[in-house]
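Novice: Quick one: this structure, given as C-alpha cells, is what I'll be asking you about.
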Amino acid sequence: MPFHRTNPHREEIRRCRPEQRITTRLRSAQTRGALAIAAVFLVLASAILMLRESVLSYRPGQYVAQDIISRVDFVYHDSEQLHHYREQARERITHVFKSNGDVWSDIESKLRQLPDDMAGKTIDEIPDSLKKQFVLQTASVATALDSGTVTAFDQFTADKRRKDYEASVKAYVDSLRHLVILPADQRAQELQRQEDFFLGPMKIELDNGNSIEIDRTFADDASDALLSDLKKAANANFRQELQLKIVAFTMNNLTPTYVFDAASTTDRQNAAAVAVPASRGDVPYRANQPIKDKTKPISEKDWDVLQAEHRAFLDSLSPITRIESKVGIVLWAALVTATLCGYVCKYQPRIVKNQMRALAIAGLLILMLLLAQLAGIGSGSIYLFGTAPTILVAMILAIAYDRRFAFGVATVHAILVTAALDQGIGFFLVLFVGVMCSCFLLDDVRSRSKLVEVGGITAIAMMLATAASLAISLNPIEPPSFIATSAWHAGAAGLAVGFIVLGILPFIEKAFGITTSMTLLELADASHPLFRRLHSEAPGTYNHSLQVATIAESAAGAISANVLLCRVGSYYHDVGKISK
C-alpha cells in the first residue's frame, strides 16, 4: 500500500474550522462545567421569578389613576375590626369587686370603745385625734364633739347603761351591713362606664357571687345618699344628742367595704375577648366591587385589602393557566440566561475556564435577584429595596472586572428585577441610570472615598430619574409628596450601596481573586511589615527592587499598562531572598 504524506497546512485548516472549534469547546470539561452552572442559574432564576405572582405593583402612599375594582369574590380579614369587637366585649364585662375585710365589725368595735375612751374626762382632756373623728362639715350635716356628748358617753360606763349602749351599737351596725361602699374614684369610673357603654343600669359583681347595680352603691366620701342612710340608722338606735355624733364618727372611720378585683376582672375580660370568633373580623367583597377609590392615597390597610384580593384572584385561576404562566417564565428566563452566557463568553471568556469565578458571579446575581424579589413581596418602598441589589451587582463587577462587562451584566440583572417586581419601563430606566453611573464612574478604586463619591453621584442620578419617571406618568393626581418620597428612597439606595461595597471590599477581592488599587497602595506603603523586613534583612535586594520598580513603572506607562501593579510587583519580586 502506498504511503500518503499528509499536508500539515490542510490539517491545521481543518482543525481551525469554526464548526470544529465549537465542537471541541463543547467537549471540554471547562465548558461542560460552565453549562452546568448556567443550568443551575436558569433553574434558580426561574424559581425566584415565579414568586412575582405574590408581588403587588401598588405601594402604600401611592395614588391610582382610577378606582381599583375587585376581580373576584374574596374575604378580607380586618384585624382592627376584630380587635374593636373584642375590646367591646371586654368593656361590657361586669367588673368584679372583692371584700375589703369586715369593715362594719371594726366600726362596731370602735363605737363600743368610745365610753371607755371618755370615762372621767372633760372636753379639754379628750385627745385631739379623737375629737377629729367627730368633726363633719357637709351641706346636710355640721357637727363636732362637745361637753354634752362627752358627758353622755361617760354615763354609759355603768353596767346597765353599758349593755343598752352596746345593744344600740350592735343594732346600728347590723342595719348598715347591707350597704356596699366603694372607693370614691372607682365608683366614679364605674358611673362613667355606665354612661359610655350602657343604656340601662349597670351592675358590679361581688366576690360572694351576688351582683348589685352601681346606683345602689355608695362612695367612701361624705355623699348625701350615704349620710342619709347613716342618719336613719342612728335615729333609730341612739338618743338625739348622740345621733349626729355617731354619724360623724362612722363617716370618719369608714373604709370601702369592697375594692376593685383587677385580676378576676381581667380574667373575665380575657375570656370574653377570646369568645369573640375570629370571623367577626371578616369583611366580604364581591366581584366588580370598588375596593380602592382614586381620591386618596393607598394606606397600609388598603394595601392589605389589595393583597387579599390578589391572593383570591390567584386561587381562582385554573391549573392550566398557572402552568402556562410558569412555562412562560421558564422560557423567558432561558432567553435571558442565554443572552447572559453569550455576553460572558464574548467579553470575559476566562470566566468560562475559571469555574469558581463563574460560580461567584452566578451566586451574586441569584442572591441579589432574590433580595429584590423579597423586597417586592412586602409593602416597603420598591425604589429603596428593589433598586439597591442591582446597583450592588454593578459596583462589585466593575471592581472585579471592567466597566463594560459590569454594565452589560448589571443591565441584564435590571431586566430580571424589573420583571420580578412586575414594574414598567419607568422603573427599568431608574435602574439603568443607576447602573450606568456606578459602572462608568468606578474606573479605579485608589481610595475609600472613591466608593462613597460614586455612590453619591449614583444616588443623585437615580433621584432625578425617579422623579422624572413618576412626573411624566399619565396619573394627574400623583402628589409631589409621593414623588419626593420615592426619589429620596432611590437616592438612599444608591448612597447605601456605596457604603456597603466599601465595607465588603476585602471579601470581594477574596471571592473573585482580585487586588484593587487600594490594596496595591497599601502594599506599596514603605511601612508595610514585609517591605520593612526586606529593607532590614536584605538591603541590597531592597535597593535593587526600588530601581526595578522605577524602570517597570516607566515602561508600563509607555504601553498603557497598569502602572501601579507593575510598581508593586517590582517591590516584592525578590522578596524570597529574605530567607537566603
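Novice: Could you tell me what percent of the accessible area of the chain is made up of carbon and sulfur, with a 1.4 Å probe and every protein chain present? Walk me through the intermediate numbers first.
Specialist: Numbers: 17830 of 30690 Å².
C and S atoms contribute 58 percent here.
Novice: If one puts a single equal scatterer on every Cα of the stretch 262-345 and applies the Debye formula without solvent, what log₁₀ I(q)/I(0) results at q = 0.23 Å⁻¹?
Specialist: These q points yield log10 I(q)/I(0) values of -1.08.
Novice: Something else now. In nm, to one decimal, how far is the residue 147 label point from the residue 77 one, both placed 7 Å along Cα→Cβ?
Specialist: For the pair residue 147/residue 77, the computed spacing is 8.3 nm.
Novice: Taking the square root of 5 times each eigenvalue of the Cα gyration tensor, what semi-axes in Å does the equivalent ellipsoid of the stretch 179-279 have, largest first? Before the final figure, lay out the partial values.
Specialist: Values: eigenvalues 250, 34, 24 Å².
Result for the stretch 179-279: semi-axes of 35, 13, 11 Å.
Novice: While we're looking at this one, here's another question. Distance check, please: which entries in 353/450; 203/231; 163/232; 163/203 exceed 29 angstrom between their Cα atoms?
Specialist: On the way: 353/450 31 Å; 203/231 26 Å; 163/232 22 Å; 163/203 40 Å.
The answer is 353/450; 163/203.
Novice: What list of ³J(HN,Hα) couplings, whole Hz, do you get for the stretch 243-252 from phi and the Karplus terms 6.51, -1.76, 1.60, once you set θ to phi - 60° and write x for glycine and proline?
Specialist: Once θ is set to phi - 60°, the couplings for the stretch 243-252 become 4, 5, 5, 5, 4, 4, 4, 5, 5, 6 Hz.
Novice: Which number do you get for Rg(Cα) / (2.2 N^0.38 Å) in the stretch 59-194? Each step should come with its number before you reach the end.
Specialist: Working: Rg = 30.6 Å, N = 136, 2.2 N^0.38 = 14.2 Å.
Scaled against compact globular proteins, the figure is 2.15.
Novice: In nanometres, what is the gap between the two model label sites at residue 178 and residue 543, each 7 Å from Cα along Cα-to-Cβ?
Specialist: 12.1 nm
Novice: Need one value: the accessible area of residue 75 in square angstrom, 1.4 angstrom probe, rounded to the nearest 10.
Specialist: We get 90 Å² for residue 75.
Novice: Can you sort 368, 50 by solvent-accessible area, 1.4 Å probe, largest first? Let's see the in-between values first.
Specialist: Numbers: 368 15, 50 55 Å².
Reading off the accessible areas and sorting them downward yields 50, 368.
Novice: Using protein chains only and a probe of 1.4 angstrom, how many square angstrom of residue 232 are accessible, to the nearest 10?
Specialist: 140 Å²
Novice: Using label points projected 7 Å from each Cα along Cα→Cβ, tell me how many nm separate residue 425 and residue 51, to one decimal.
Specialist: According to this spin-label approximation, the distance is 2.9 nm.
Novice: Further question on the same structure: With every protein chain left in place and a probe of 1.4 Å, what is the accessible surface of residue 323, to the nearest 10 Å²?
Specialist: Rounded to the nearest 10, that gives 100 Å².
Novice: Further question on the same structure: Rank by packing, highest mean first: peptides 221-229, 371-379, with packing defined as the count of other Cβ atoms within 10 Å averaged across residues. Write out the running numbers ahead of the final one.
Specialist: Values: 221-229: 16.1, 371-379: 19.7.
Those peptides, ordered most packed to least, come out 371-379, 221-229.
Novice: Which value, in Å², gives the accessible area per residue of the chain when a 1.4 Å probe is used on the protein heavy atoms? Please list the in-between numbers first.
Specialist: Working: 30690 Å² over 580 residues.
I get 53 Å² per residue for this part.
Novice: Once you have the Kirkwood Rh of the stretch 240-279 from its Cα pairs, apply Stokes-Einstein at 4 °C and 1.567 mPa s and quote D in µm²/s. Each step should come with its number before you reach the end.
Specialist: Working: Rh = 14.0 Å.
It diffuses with D of about 93 µm²/s by this estimate.
Novice: Under a straight-distance cross-link criterion of Cα-Cα below 17 Å, which lysines are reachable from residue 301, leaving out those fewer than 8 residues away in the same chain?
Specialist: Result set, ordered by chain and number: 292.
Novice: For the chain, find the longest principal axis of its Cα atoms and tell me its angle to the long axis of helix 388-400, 0 to 90°, nearest 10.
Specialist: Long axis of 388-400 versus the principal axis of the chain: about 40 degrees.
Novice: Helix 262-275 sits at what angle to the longest principal axis of the chain, using alpha carbons and giving 0 to 90 degrees rounded to 10?
Specialist: The angle comes out at about 50 degrees.
Novice: What's the percent breakdown of Cα-Cα distances in the stretch 144-202 across 5 Å bins, shortest bin first?
Specialist: Spelled out per bin, shortest first, that is 4, 14, 12, 12, 13, 9, 9, 8, 8, 7, 4, 1.
Novice: Taking 0.36 nm per residue of separation and subtracting the Cα-Cα distance, what length does fully extending residue 207 through residue 346 add? Walk me through the numbers before you get to the answer.
Specialist: Values: separation 139, 0.36 × 139 = 50.04 nm, distance 8.63 nm.
Extra length from residue 207 to residue 346 when fully extended: 41.4 nm.
Novice: Restricting things to alpha carbons, find the Rg to Rh ratio for the stretch 363-456 using the Kirkwood radius for Rh.
Specialist: Numbers: Rg = 12.8 Å, Rh = 13.2 Å.
Computed over Cα atoms, the ratio is 0.97.
Novice: Still on this structure, please answer the following. Taking a cut-off of 16 Å between Cα atoms, list the lysines near residue 131, but don't count ones fewer than 8 places away on the same chain.
Specialist: 110, 121, 245
Novice: May I pose another question? Using only helices, what value at 222 nm comes out for the chain when you add -39,500 (n - 2.57) per DSSP H run of length 4 or more and divide by the total residues, to the nearest 500 deg cm²/dmol? Kindly include the intermediate steps, with their values, before the conclusion.
Specialist: Details: 26 runs with 382 residues, N = 580.
Using -39500 (n - 2.57) per qualifying helix, the result is -21500 deg cm²/dmol.
Novice: Can you tell me the 0 to 90 degree angle between the C-alpha axis of helix 480-512 and the longest principal axis of the chain, rounded to 10?
Specialist: On a 0 to 90 degree scale, this one is about 60.
Novice: Given (1) -0.64, -0.88, -1.09; (2) -0.57, -0.86, -1.03; (3) -0.33, -0.73, -1.03 as candidate values of log10 I(q)/I(0) by the Debye sum over Cα atoms at q = 0.06, 0.09, 0.11 Å⁻¹, which corresponds to the one derived from the coordinates?
Specialist: This structure yields the entry labelled (1).
The values are calculated or read from the model by the stated rules, or taken from the named source; none is laboratory data. As the structure is a prediction and not an experimental result, all values here were calculated from the model. Glycine gets a Cβ as well: all are built from the backbone with ideal geometry, and neighbour counts include every protein chain shown. For accessibility, only protein heavy atoms count, side chains too; no ligands or nucleic acids. Shrake-Rupley method; radii C 1.70, N 1.55, O 1.52, S 1.80 Å.
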